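Only one structure is covered here, and it is reproduced in the block below.
The values are calculated or read from the model by the stated rules, or taken from the named source; none is laboratory data. Here the structure is a predicted model, which is why all the values come from computation and not from measurement. Here the Cβ positions follow ideal geometry from the backbone for every residue, glycine too, while neighbour counts run over all protein chains shown.
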Amino acid sequence: MIRTYKFRIYPSKSIQRTIEEHLNICRYLYNYLLEQKTKNPKLNKMDTQKLITEHKRENPELKKVHSKVLQMVNNKLWGNLKALGELKKNGFKVGKLRFKSSKNHYKTLEYNQSGFKIDYNTKKLKLSKIGEIPIVLHRNIKGEVKGVIIKKEPTGKWFAFFQVEEEPKPLPKTNKVVGIDLGIDGYTIDSDGNKFENPKFIDKTLDKIKRVQKNLSRKVKGSNNYKKTKLKLIKVYDKLNNQKNDFLHKLSRYYINNYDKIILEDLNIKSMVENGKCKTLNRHILDGSWRKFINLLLYKAEGAGREVILVNPHYTSKKCSNCGHVVKDLKLSDRIFFCPVCGWKIDRDYNASLNILKSGLGESVVPAERKPLLQTISYKEVVLGQVFSMNQEALPEGRGLRKPKGFRLTPSVRAE
């Protein structure tokens with residue numbers, strides 16, 4: 001399997017200028033190949049590859065860039081053409097592929113198989129025709145490095161992405177299965193009775209975003225003050241994304257480490273937001289990045305020998321997990337589920353997680369155990385207690401979390 005490692009690099013000003021020059025040359029080559037393809041639609045990938053060699057004789061500037069990097073420009077062009085064709089097949093209205101009109105529109109240098117080397121002693125990344133760049137190797141690279149991508153983020157930070165071929169290493173079996181309901185107040189509520197509090201980073205950052213945006217609107221577009229203020233806004237969003245990604249990685253790692261099968265709803269996020277009338281709710285749905293959480297589980301499960309199952313989300317909240325009766329008049333504001341048939345009274349989200357579990361296992365009606373719910377775990381307590389350490393061992397049999405020093409579990413609604 002292919003895994004990507006991301007490391008921060010610190011190129012000097014002279015090397016930054018060299019990288020930016022290479023990016024501009026790659027942008028020129030991309031536009032040149034696209035122009036030739038537009039003029040002659042019969043050209044295939046091998047034809048455009050030959051054009052690079054021929055064009056080097058006419059334009060010696062191309063020789064400044066490593067040959068593998070130039071080949072990857074051709075790969076990128078054909079990848080974009082293929083993606084555009086797939087969209088057309090799926091019924092989307094799309095136009096023609098656009099030319100890269102400015103430096104910022106071509107953002108990556110890709111080295112494939114050769115042209116790069118990592119010096120672990122000096123902690124430097126050597127790039128052909130660019131030079132040595134200090135790199136922060138905060139973790140070991142496992143497997144064979146197949147390629148490196150150099151990219152500058154909008155914040156001004158530089159990163160190297162290593163594409164590594166790894167052998168999957170399955171984790172020990174836990175013989176445990178879990179159903180997960182994704183929500184707003186609790187980010188995940190699982191069938192083991194754990195409710196992980198949603199950090200809602202957007203709520204803590206929204207005032208600052210508004211303040212910086214208001215300040216930006218008062219600046220003259222294109223001025224130095226405008227650029228400085230825009231950079232501040234970019235950094236605010238960058239911090240927000242980093243906080244969110246950190247939480248999602250730790251939470252997904254917890255479930256991968258501790259369960260053989262993980263069952264979730266196959267949610268249509270776009271439809272939920274388009275049909276939602278409450279702006280605050282829509283903002284929290286988008287901020288939750290549920291699809292990204294599911295994707296993290298899927299790719300981590302592949303290497304860990306786990307299974308992630310996505311089930312139909314219909315009636316998971318309105319169906320009684322005890323007898324199977326569907327309460328159709330249940331509102332979103334009703335946080336406690338009460339079944340008028342069997343008298344089952346339980347937290348709405350916990351009830352949904354039990355239904356998700358049964359749906360994923362192909363069971364129709366399995367009486368839910370009458371055990372206490374919920375154990376609410378706050379984001380702050382999780383971070384301080386280091387519950388989601390990447391090296392965490394699988395939890396022992398039984399429900400709930402290992403209790404670290406200073407860790408508090410707050411009981412909430414109980415099943416009756």
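Might you let me know whether the stretch 138-150 holds any residue that is buried (at least 17 other Cβ atoms within 10 Å of the Cβ) and within 26 Å of Phe247 (Cβ to Cβ)? Yes, because at least one residue in the stretch 138-150 is buried (at least 17 other Cβ atoms within 10 Å of the Cβ) and within 26 Å of Phe247 (Cβ to Cβ). Flag: Val94 does not match the condition of being of a type outside the set (Ser, Thr, Tyr) and at pLDDT 90 or above. Test Asn80 against the criterion of being touching a helix residue (DSSP H, G or I) at 6+ places or on another chain (Cβ under 8 Å), at negative phi and surrounded by 13 or more Cβ atoms within 10 Å (Cβ to Cβ), and give yes or no. Considered against the rule, which asks whether it is touching a helix residue (DSSP H, G or I) at 6+ places or on another chain (Cβ under 8 Å), at negative phi and surrounded by 13 or more Cβ atoms within 10 Å (Cβ to Cβ), Asn80 comes out as no. I'd like to check something: does the stretch 171-179 contain any residue that is surrounded by 15 or more Cβ atoms within 10 Å (Cβ to Cβ), more than 22 Å from the chain's Cα centre (by Cα) and hydroxyl-bearing (Ser, Thr, Tyr)? So far as the stretch 171-179 goes, yes, one or more of its residues are surrounded by 15 or more Cβ atoms within 10 Å (Cβ to Cβ), more than 22 Å from the chain's Cα centre (by Cα) and hydroxyl-bearing (Ser, Thr, Tyr).
Residues checked against (1) over 19 Å from Tyr187 (Cα atoms); (2) touching a strand residue (DSSP E or B) at 6+ places or on another chain (Cβ under 7 Å); (3) among the acidic types (Asp, Glu):
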{"residue": "Leu233", "(1), (2), (3)": "yes, no, no"}
{"residue": "Val236", "(1), (2), (3)": "yes, no, no"}
{"residue": "Asn241", "(1), (2), (3)": "no, no, no"}
{"residue": "Ser252", "(1), (2), (3)": "no, no, no"}
{"residue": "Glu265", "(1), (2), (3)": "no, yes, yes"}
{"residue": "Ala301", "(1), (2), (3)": "yes, yes, no"}
{"residue": "Ala304", "(1), (2), (3)": "yes, no, no"}
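Look at (1) in a helix (DSSP H, G or I); (2) within 19 Å of Ser289 (Cβ to Cβ) and you find that Pro199 fails only one, number (1).
Looking at Pro134, Pro154, can you tell me which residue is over 27 Å from Met1 (Cβ atoms) and assigned to a strand (DSSP E or B)?
Pro134
The listed residues are Tyr187, Tyr226, and the only one of them that is assigned by TED's automatic domain parsing to the domain that holds Leu332, aromatic (Phe, Trp, Tyr) and free of Cβ contacts under 8 Å to residues at least 40 places away in the same chain turns out to be Tyr226. Looking at Ser252, Ser271, Ser289, just one residue is closer than 26 Å to Ile209 by Cα and of a type in the set (Gly, Ala, Ser), and that residue is Ser289. Could you tell me whether Lys93 is among the basic types (Lys, Arg) and at positive phi? Criteria not met by Lys93. Pairs meeting the criteria (first residue in the stretch 265-286 and within 21 Å of Ser353 (Cα to Cα) and in contact (Cβ under 8 Å) with a residue 12 or more places away in the chain, second residue charged (D, E, K, R) and outside any helix (DSSP H, G or I), beta carbons under 8 Å, at least 6 apart or on different chains) are Glu265/Asp181; His284/Lys200.
Among the residues of the stretch 209-219, just one is in contact with a helix residue (DSSP H, G or I) (Cβ under 6 Å, 6 or more places away or on another chain) and either of a type in the set (D, E, K, R) or not in a helix (DSSP H, G or I) (or both), namely Lys219.
Return yes when Glu144 is acidic (Asp, Glu), modelled with pLDDT of 90 or more and closer than 30 Å to Lys64 by Cβ and no when it is not.
no
When the stretch 109-137 is filtered for residues that are under 23 Å from Asn31 (Cα atoms) and exposed (fewer than 15 other Cβ atoms within 10 Å of the Cβ), only Lys129 remains. Residues that are surrounded by fewer than 17 Cβ atoms within 10 Å (Cβ to Cβ) and closer than 14 Å to Leu127 by Cβ within the stretch 2-16 comprise Tyr10, Ser12, Ser14, Gln16, listed in sequence order.
Within the stretch 180-197, the set of residues being at pLDDT 90 or above and surrounded by fewer than 21 Cβ atoms within 10 Å (Cβ to Cβ) is empty. Of all the listed residues (Val94, Val145), the sole one being assigned by TED's automatic domain parsing to the domain that holds Asn74, of a type in the set (Val, Ile, Thr) and touching a Phe, Trp or Tyr at 6+ places or on another chain (Cβ under 8 Å) is Val145.
Let's see how each residue does on (1) surrounded by 15 or more Cβ atoms within 10 Å (Cβ to Cβ); (2) within 23 Å of Phe201 (Cβ to Cβ); (3) of a type in the set (Lys, Arg); (4) under 16 Å from the mean Cα position of the chain (by Cα):
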{"site": "Asn258", "(1), (2), (3), (4)": "yes, no, no, no"}
{"site": "Lys279", "(1), (2), (3), (4)": "no, yes, yes, no"}
{"site": "Ile294", "(1), (2), (3), (4)": "yes, yes, no, yes"}
{"site": "Ala301", "(1), (2), (3), (4)": "yes, no, no, yes"}
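Those helices (runs of 4 or more DSSP H) of the stretch 256-326 in which 3 or more residues are modelled with pLDDT of 85 or more occupy 279-288, 290-304. Contact annotation: residue pairs with Cβ atoms under 9 Å, 6 or more positions apart or on different chains, pairing a residue in the stretch 315-339 that is more than 25 Å from Cys278 (Cα to Cα) with a partner that is of a type in the set (S, T, N, Q) and exposed (fewer than 14 other Cβ atoms within 10 Å of the Cβ), are Gly324/Ser364.
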